[in-house]
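The values are calculated or read from the model by the stated rules, or taken from the named source; none is laboratory data. For clarity, every value in this text was computed on a predicted model and none was experimentally measured. Neighbour counts run over all protein chains shown; Cβ positions are idealised from the backbone, glycine included. Just so you know, the surface numbers come from the protein's heavy atoms only, side chains and all, with ligands and any DNA or RNA stripped out. Shrake-Rupley method; radii C 1.70, N 1.55, O 1.52, S 1.80 Å.
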Amino acid sequence: MFKPKHLAWAGLVPGLVLAVFVQAGEVGLSPQQSMVETLSASTSAYKDYMLNCGGCHRFSGEGVARNAVPDFRNSIGMFTHLPEGREYMIRVPGSAQSLLGNAELAEVLNWIVATYSPAQLAADFKPFTAGEVGAVRPYRFDNVVVERRKLTERLNEQGLTPSAYLYGAN
């Protein structure tokens, strides 16, 4: 079928206009929002989460309170407000003892906070890195319950209330 050259452009122009409007909308995102969207879009981190974390924390991030598995939703990002909170996320047994490499674990932690708790991230949040994970991962907790309680108290002092952690509660 013959198409005049000027008609060939007719389909291209609306596509270009749409692309400009889509990009204009993206320009309106803050750097933090853009970073969060990028982190939560990682398909490799999503897969690693599903294979390594989803069994206990559920695919929805809701955890299982009766089994003392905390809910990530609207909570886990709070731990990024404290350096000790970031370390906690790396050093909890499920993270520290996972078979994921340091870079993979950093990517999963970034995906978790960006997906389940972006509104609770520290204003100056910087993504986890393989170096950060590798530096603290070997130092496992003697008692993770005590550490979680200390962090919860510190976060409560800042007006933040992370999800309940019922392990060891009487």
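Quick notes on this one:
- Candidate set: segment 83-121, residues that are outside any helix (DSSP H, G or I) and not aliphatic (A, V, I, L, M); chosen: the one surrounded by the most Cβ atoms within 10 Å (Cβ to Cβ): Ser117
- Listed by first and then second residue, the pairs with beta-carbon distance under 7 Å, at least 6 apart or on different chains, first residue in segment 152-169 and surrounded by fewer than 17 Cβ atoms within 10 Å (Cβ to Cβ), second modelled with pLDDT under 95, are Ala164/Ala65; Ala164/Pro70; Leu166/Ala65; Leu166/Ala68; Tyr167/Ala68; Tyr167/Val145; Gly168/Val145.
- Residues that are open to solvent by 100 Å² or more (accessible area, probe 1.4 Å) and more than 17 Å from Gln97 (Cβ to Cβ) do not occur anywhere in segment 128-146.
- Scoring Thr80 on the criteria (1) surrounded by 15 or more Cβ atoms within 10 Å (Cβ to Cβ); (2) at pLDDT below 95; (3) over 21 Å from Asn143 (Cβ atoms) leaves a single failure, condition (2).
- Top-ranked residue in segment 124-145 [being out of contact with any Pro (no Cβ under 9 Å at 6 or more places or on another chain) and in a helix (DSSP H, G or I); ranked as modelled with the lowest pLDDT]: Val145
- Candidate set: segment 60-82, residues that are of a type in the set (Gly, Ala, Ser) and outside any loop (DSSP other than H, G, I, E, B); chosen: the one nearest to Asn156 (Cα to Cα): Gly77
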